[in-house]
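S.K.: Below is a structure I'd like to ask you about.
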Amino acid sequence: MRVVFMGTPDFSVPTLECIIEAGHEVVGVVTQPDKAKGRGKKVVYTPVKEKALEHGLTVYQPRRAREPEFIEQMRALNPDVMVVVAFGQILPKELLDIPKYGCVNVHASLLPKYRGAAPIQWAVIRGEKVSGVTTMQMDVGLDTGDMLLKAEVPLAEDETGGSLHDKLSVLGGDLLIETLKGLEAGTIVPEKQDDSQSGEYARMLDKSLGKIDFSMRAEEIERLIRGLNPWPSAYTSYNNKTMKLWKARVVPGGEAVPGQVLAVDKKGFTVQTGDGALQILELQMEGKKRMDAGAFLRGCPLTAGEILG
């Protein structure tokens, strides 16, 4: 097939590699514009652009996917299919109508659940036991198109947003190749999404989401810590400095107010929540490296009775 690939972050790269390895002709790669980052404002390529240039592919970086000039460029490529994986822009109908087989999206959830920008992290935060990837025929809605194929993956007890991201990015590439085969052979029957089963929208993450409210249940906070690992991270404060929490375990609570330190030992410390308690096992203080809680305590005189946040 003649493929136009549209994607931007790390998550998209394995699918692009799978398309190349499967022998499809990638006639163009579309990604978000380069950005200046850091103190030196150095221009940084997107992960997809880096991979595309490694393979000598032509890269397009429109500021807006609905620009007439860009739409004409895509039409001139005459693609059989457009594959979209976390591209980062809404596609207009003029683009969706160009390819013979339409635009196929690789979405990191078992649709119709977790439509939206951050399905991976919200699956962990909400305590899902199973997640997966869905390939979908795109329409003008947001993750509302007909479903093509699905692949599931169970979540481990210690699953983080980062570990699930890596699993689903690989799974998505394999599922996309299977989807392209099925579309070409005419063996896939698209399935409409049941909007009543869509559940909570997987809204975009921001740093404010990570501020821990210790009045929540211990299980909820522990899932938040895992879901926001590695970004944007869950955090509280201690001695007027930000304390990021990277790993915790749910344990029985005691007689204390939410956020109060119940106990301190060599391995870590335990904090009361609204229901149950959390043993903090790994953390990072502002300006310091990530470390296990035992190492933190050897350099910090945290004591029972103190209150975080």
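S.K.: Identify, from the list Leu155, Leu148, the residue that is of a type outside the set (Asp, Glu) and either in contact with a helix residue (DSSP H, G or I) (Cβ under 6 Å, 6 or more places away or on another chain) or farther than 30 Å from Lys247 by Cβ (or both). Before the answer, list the steps.
M.R.: On the way: Leu155 fails: either in contact with a helix residue (DSSP H, G or I) (Cβ under 6 Å, 6 or more places away or on another chain) or farther than 30 Å from Lys247 by Cβ (or both).
So the residue among Leu155, Leu148 that is of a type outside the set (Asp, Glu) and either in contact with a helix residue (DSSP H, G or I) (Cβ under 6 Å, 6 or more places away or on another chain) or farther than 30 Å from Lys247 by Cβ (or both) is Leu148.
S.K.: If you don't mind, there's one more thing I want to ask. Does at least one position in region 201-220 carry a residue that is surrounded by 15 or more Cβ atoms within 10 Å (Cβ to Cβ), of a type in the set (Phe, Trp, Tyr) and in a strand (DSSP E or B)?
M.R.: No; the residues of region 201-220 include none that is surrounded by 15 or more Cβ atoms within 10 Å (Cβ to Cβ), of a type in the set (Phe, Trp, Tyr) and in a strand (DSSP E or B).
S.K.: Would you be able to say whether some residue in region 147-165 is assigned to a loop (DSSP other than H, G, I, E, B), within 14 Å of the chain's Cα centre (by Cα), more than 23 Å from Tyr101 (Cβ to Cβ) and in the same structural domain as Gly116 (by TED's automatic domain parsing)?
M.R.: Quick first cut of region 147-165, residues assigned to a loop (DSSP other than H, G, I, E, B) only: 155-160.
In the following step, the residues that additionally are within 14 Å of the chain's Cα centre (by Cα) were identified as 159-160.
Among the residues that remain, those that are also more than 23 Å from Tyr101 (Cβ to Cβ) are: 159-160.
Retained after the next criterion (residues that are in the same structural domain as Gly116 (by TED's automatic domain parsing)): 159-160.
The answer is yes, given that some residue of region 147-165 is assigned to a loop (DSSP other than H, G, I, E, B), within 14 Å of the chain's Cα centre (by Cα), more than 23 Å from Tyr101 (Cβ to Cβ) and in the same structural domain as Gly116 (by TED's automatic domain parsing).
S.K.: Say we look at region 229-244 and pick out the residues that are part of a loop (DSSP other than H, G, I, E, B) and among the polar types (S, T, N, Q); which of these is farthest from Ser208 (Cα to Cα)? Before you say what the answer is, go through the steps one by one.
M.R.: As a first pass, look at region 229-244 and keep what is part of a loop (DSSP other than H, G, I, E, B): 229-233, 239-240.
Imposing the further condition that a residue be among the polar types (S, T, N, Q) reduces the set to 229, 233, 239-240.
On the way: Asn229: 14, Ser233: 10, Asn239: 20, Asn240: 17 Å.
Across region 229-244, the extreme among qualifying residues is Asn239.
S.K.: Can I ask one more? Would it be correct to say that Lys247 is assigned by TED's automatic domain parsing to the domain that holds Arg226 and in a loop (DSSP other than H, G, I, E, B)?
M.R.: Values: assigned by TED's automatic domain parsing to the domain that holds Arg226: yes; in a loop (DSSP other than H, G, I, E, B): no.
Taking the combined requirement at face value, the residue does not satisfy it.
S.K.: Report, by residue number, each residue of region 247-277 that is touching a Lys or Arg at 6+ places or on another chain (Cβ under 7 Å) and not polar (S, T, N, Q). Write out each step before concluding.
M.R.: Within region 247-277, the first condition is being touching a Lys or Arg at 6+ places or on another chain (Cβ under 7 Å), and the residues that meet it are 273-276.
Result: Gly274, Asp275, Gly276.
S.K.: OK, next. If you check Glu255 against the conditions, is it of a type in the set (D, E, K, R), under 30 Å from Glu306 (Cβ atoms) and part of a helix (DSSP H, G or I)?
M.R.: Numbers: of a type in the set (D, E, K, R): yes; under 30 Å from Glu306 (Cβ atoms): yes; part of a helix (DSSP H, G or I): no.
No, not satisfied.
S.K.: Let me ask another. For a quick check of your reading: which strands (runs of 3 or more DSSP E) sit entirely within region 22-127 and have at least 1 residues that are surrounded by 17 or more Cβ atoms within 10 Å (Cβ to Cβ) and assigned by TED's automatic domain parsing to the domain that holds Thr144? Don't jump to the end; show me each part of the working.
M.R.: Working: elements: 25-30, 35-37, 42-44, 81-85, 103-107.
Fully inside region 22-127 and qualifying: 25-30, 81-85, 103-107.
S.K.: Is it the case, given these coordinates, that Gly173 is within 16 Å of the chain's Cα centre (by Cα) and in the same structural domain as Asp10 (by TED's automatic domain parsing)? Reasoning before the result, please.
M.R.: Details: within 16 Å of the chain's Cα centre (by Cα): yes; in the same structural domain as Asp10 (by TED's automatic domain parsing): yes.
When the stated conditions are applied, Gly173 passes them.
S.K.: Residue check: is Glu222 in contact (Cβ under 8 Å) with a residue 24 or more places away in the chain and farther than 19 Å from Gly309 by Cα? Give the derivation first.
M.R.: Details: in contact (Cβ under 8 Å) with a residue 24 or more places away in the chain: yes; farther than 19 Å from Gly309 by Cα: no.
Here the answer is no, as Glu222 does not meet what is asked.
S.K.: Given the structure, is Gly182 within 22 Å of Pro99 (Cα to Cα) and surrounded by fewer than 21 Cβ atoms within 10 Å (Cβ to Cβ)?
M.R.: Working: within 22 Å of Pro99 (Cα to Cα): yes; surrounded by fewer than 21 Cβ atoms within 10 Å (Cβ to Cβ): yes.
Yes: the conditions hold for Gly182.
S.K.: If the Cβ limit is 6 Å and pairs must be 6+ apart or interchain, which residue in region 129-142 that is in the same structural domain as Glu157 (by TED's automatic domain parsing) and touching a residue at least 24 places away in the same chain (Cβ under 8 Å) pairs with which residue that is part of a loop (DSSP other than H, G, I, E, B) and among the charged types (D, E, K, R)?
M.R.: Here the result reads Gln137/Asp146, each pair linking region 129-142 to a residue that is part of a loop (DSSP other than H, G, I, E, B) and among the charged types (D, E, K, R).
S.K.: Let me ask you something else. Report the residue count in region 104-119 for those that are in contact (Cβ under 8 Å) with a residue 60 or more places away in the chain and either touching a Gly at 6+ places or on another chain (Cβ under 8 Å) or of a type in the set (A, V, I, L, M, F, W, C) (or both). Let's see the steps before the verdict.
M.R.: Taking region 104-119 and keeping what is in contact (Cβ under 8 Å) with a residue 60 or more places away in the chain, we get 104, 106, 108-109, 111-119.
Then drop every residue that is not either touching a Gly at 6+ places or on another chain (Cβ under 8 Å) or of a type in the set (A, V, I, L, M, F, W, C) (or both), which leaves 104, 106, 108-109, 111-114, 117-118.
Residues that pass the stated criteria total 10.
S.K.: Now a separate question. With respect to Pro230, is the statement that it is surrounded by fewer than 19 Cβ atoms within 10 Å (Cβ to Cβ) and not assigned by TED's automatic domain parsing to the domain that holds Ala108 true?
M.R.: On the way: surrounded by fewer than 19 Cβ atoms within 10 Å (Cβ to Cβ): yes; not assigned by TED's automatic domain parsing to the domain that holds Ala108: yes.
Answer is yes for this residue.
The values are calculated or read from the model by the stated rules, or taken from the named source; none is laboratory data. Bear in mind the structure is a predicted one, so any value in this text is a computation, not a measurement. Heads up, the Cβs are rebuilt from the backbone with ideal geometry, glycines too, and the neighbour counts pull from every protein chain shown.
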